[in-house]
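Following: one structure in structure tokens, then a few remarks.
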Amino acid sequence: MAYDVIVIGSGPGGYVAAIRASQLGFKTAVVERESLGGICLNWGCIPTKALLKSAQVFEYIQHSKDYGISVSKAEADFEAIIKRSRGSADKMSKGVQFLMKKNKIDVLMGTAKLKGKNQVEITDKDGKTSVQDAKHIIMATGARSRELPNLKIDGKKVIGYRDAMVLPKQPKSMIVVGSGAIGVEFAYFYHSLGTKVTIVEFMPRIVPVEDEDISKELEKIYKKKGLEIMTNSSVESVDTSGSGVKARVKTEKGEVTLEADVVLSAVGITANIENLGLEALGIKTDKGKVLVDKYYQTNVPGIYAIGDMVPGQALAHVASKEGIVCVEAIAYNEKKYAHKPEPIDYMNIPGCTYCAPEIASVGYTEKAAKEAGYEVKVGKFPFSASGKAIGAGAPEGFVKVIFDAKYGEWLGTHMIGANVTEVIVQTVTARKLETTYQEVLDSIHPHPTMSEAVKDAIEAAYGEAIHL
Ligand SMILES: Cc1cc2nc3c(=O)[nH]c(=O)nc-3n(C[C@H](O)[C@H](O)[C@H](O)COP(=O)(O)OP(=O)(O)OC[C@H]3O[C@@H](n4cnc5c(N)ncnc54)[C@H](O)[C@@H]3O)c2cc1C
């Protein structure tokens, strides 16, 4: 066999799996049809965070007076903001190129398809095909924007996340359909630059996967900023025949027609599982995702799948860890690695949303904990009582912790506030180590920091609050 491992797709699942495979002594290749780094580095995590930083800087400048600084006139240069974001993506993609070279991984550019149990057919951009064989094949082909039948993406007036990152000019108005992480991040970005934004959400609350208190807080903050929010509402049809878009929206109170320059469809993702040759090999799928065991092997031995194309949270850090666990399990079975990897605990995965203020959470929401039968102890600490947040001019939001009242298990943490995405890992580690609340309180938290609000929230849960 030419390779021990061939990875299809070079996103955070694929390129990380390839590096770990190479580290473990496997001769490895990665096949990529577009850009190294996948969605995350080119069209997801990184370019959006660059856009959001520009929006945040612009907001800061507009509020500079609050910090005792006067700035005569700040203008947002949309084209330059987009260019900066694309530059960040390029830099990261080049970084992956460097890592492939450093780890002696062959990069095969083209579209891959499973040809047989140990064979991958690769078609390059000129239509030339070649076949490579490998003992193990890891699929990591990711996902794309999900399309609703009544909201077809045309890339101009009805756009997906990729289009939203490279619009040629800033729209005056935008309807954002869907208020998950992607929807609320773009809503904040465009609103901050002056676009009139309306969010249309089918569920009764925005960021519906989060704890209810988080949804309420974000809705309050977004409305105060001036974003329009319509929950319990759905876009029934769009008319793109005029200069802008007319969207017919069904609400609890009846139908309304909204007009805007563009509609952003942010209703989720669809896994890239088509044209991969899955059917011919009898690889099982369910609800559009490839089925795998806890070490990411499909029902066909030697063929694996990781990342957005398998069930589980569609997040970059999940894809990467799945890649590592998958490869380490292969190496363990082949006696190249002594440590049997621990399967991923999908209840202990942090989720971060980079709207402003940021949202970060892990574990059970209060509702889910109660539904699972726990008697809960809940503590909340508002950032309005945090010295760091006050000094930073960011008093919005709070930390909410949930403990099991009986045995003290830390069930979940939910935060909304400035930079909270940097704080959530404390709960993840503590949960992993099955730490008690007392041990966390006995670990000294630095002052003043946003992270000490977690300690304050735990104190509140156990009736020991000092700062409330
Ligand atoms: C706008 C946006 C913002 C996001 N922000 C965050 C965030 O802040 N944090 C976070 O954790 N996650 C974020 N995500 C999600 C994150 O990007 C994905 O979870 C992650 O990229 C999944 O990694 P992956 O390796 O499974 O697939 P992908 O990153 O999608 O990579 C798959 C790769 O496979 C290639 N490919 C597909 N089919 C073939 C084929 N047949 N042959 C060869 N190559 C193929 C594709 O070209 C692509 O490069 C965001 C997503 C979006 C859309």
With the condition being over 25 Å from the mean Cα position of the chain (by Cα) and at pLDDT below 95, I'd like the strands (runs of 3 or more DSSP E) fully within the stretch 110-149 carrying at least 1 qualifying residues. 111-116
Residue 162 fails exactly one of (1) over 27 Å from residue 310 (Cα atoms); (2) within 11 Å of the ligand (Cβ to nearest atom), namely (1)
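Restricting attention to the stretch 54-78, and to residues there that are open to solvent by 50 Å² or more (accessible area, probe 1.4 Å), assigned to a helix (DSSP H, G or I) and free of Cβ contacts under 8 Å to residues at least 24 places away in the same chain, which single residue is nearest to the ligand (Cβ to nearest atom)? Break it down into steps so the answer makes sense when it comes.
Of all residues in the stretch 54-78, those open to solvent by 50 Å² or more (accessible area, probe 1.4 Å) come to 56-57, 60-63, 65-73, 75, 77.
Filter once more, so that each one left must be assigned to a helix (DSSP H, G or I): 56-57, 60-62, 65-67.
Checking the rest, the ones that are also free of Cβ contacts under 8 Å to residues at least 24 places away in the same chain come to 57, 60-62, 65.
Values: 57: 18, 60: 21, 61: 24, 62: 25, 65: 31 Å.
So, considering only residues that are open to solvent by 50 Å² or more (accessible area, probe 1.4 Å), assigned to a helix (DSSP H, G or I) and free of Cβ contacts under 8 Å to residues at least 24 places away in the same chain, the one nearest to the ligand (Cβ to nearest atom) is 57.
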A careful count of residues in the stretch 348-370 that are over 19 Å from residue 398 (Cα atoms) and under 16 Å from the mean Cα position of the chain (by Cα) gives 2
Can you go through 115, 101, 156 and tell me which one is surrounded by fewer than 17 Cβ atoms within 10 Å (Cβ to Cβ), among the basic types (Lys, Arg) and farther than 26 Å from residue 332 by Cα? 156
Look through the stretch 304-323, keep the residues that are within 16 Å of residue 283 (Cβ to Cβ) and crowded, with 24+ Cβ neighbours inside 10 Å, and return whichever of them is nearest to the ligand (Cβ to nearest atom). 307
List every residue pair whose Cβ atoms sit under 8 Å apart, with the two residues 6 or more apart in sequence or on different chains, where the first one lies in the stretch 221-233 and is in contact (Cβ under 8 Å) with a residue 12 or more places away in the chain and the second, anywhere, is assigned to a loop (DSSP other than H, G, I, E, B) and β-branched (Val, Ile, Thr). 222/206; 229/206; 231/206
For a quick check of your reading of the model, give me the residue pairs whose first member lies in the stretch 117-136 and is within 15 Å of the ligand (Cβ to nearest atom), whose second is of a type in the set (Gly, Ala, Ser), with beta-carbon atoms closer than 6 Å and at least 6 apart or on different chains. 120/112; 122/110; 122/112; 122/130; 123/110; 124/110; 132/2
Can you list the helices (runs of 4 or more DSSP H) lying wholly within the stretch 180-287 that have 3 or more residues being loosely packed, with under 14 Cβ neighbours inside 10 Å? 212-225
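Identify, from the list 360, 369, 392, the residue that is under 25 Å from residue 51 (Cβ atoms) and surrounded by 17 or more Cβ atoms within 10 Å (Cβ to Cβ). So that I can check it myself, show each step before the final result.
Values: 369 fails: under 25 Å from residue 51 (Cβ atoms); 392 fails: surrounded by 17 or more Cβ atoms within 10 Å (Cβ to Cβ).
360 is the lone residue from the list that is under 25 Å from residue 51 (Cβ atoms) and surrounded by 17 or more Cβ atoms within 10 Å (Cβ to Cβ).
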If we keep just the residues of the stretch 1-53 that are under 19 Å from the mean Cα position of the chain (by Cα) and more than 11 Å from the ligand (Cβ to nearest atom), which is least open to solvent (accessible area, probe 1.4 Å)? 50
Residues of the stretch 324-352 being open to solvent by less than 10 Å² (accessible area, probe 1.4 Å), within 16 Å of the ligand (Cβ to nearest atom) and in contact with an Asp or Glu (Cβ under 9 Å, 6 or more places away or on another chain), in sequence order, are 325
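The values are calculated or read from the model by the stated rules, or taken from the named source; none is laboratory data. This is a predicted model, so every value here is computed, not measured. Ideal geometry is used to build each Cβ from the backbone, glycine not excepted, and the neighbour counts take in all protein chains shown. With ligands, DNA and RNA removed, areas are computed over all heavy atoms of the protein, side chains included. Shrake-Rupley method; radii C 1.70, N 1.55, O 1.52, S 1.80 Å.
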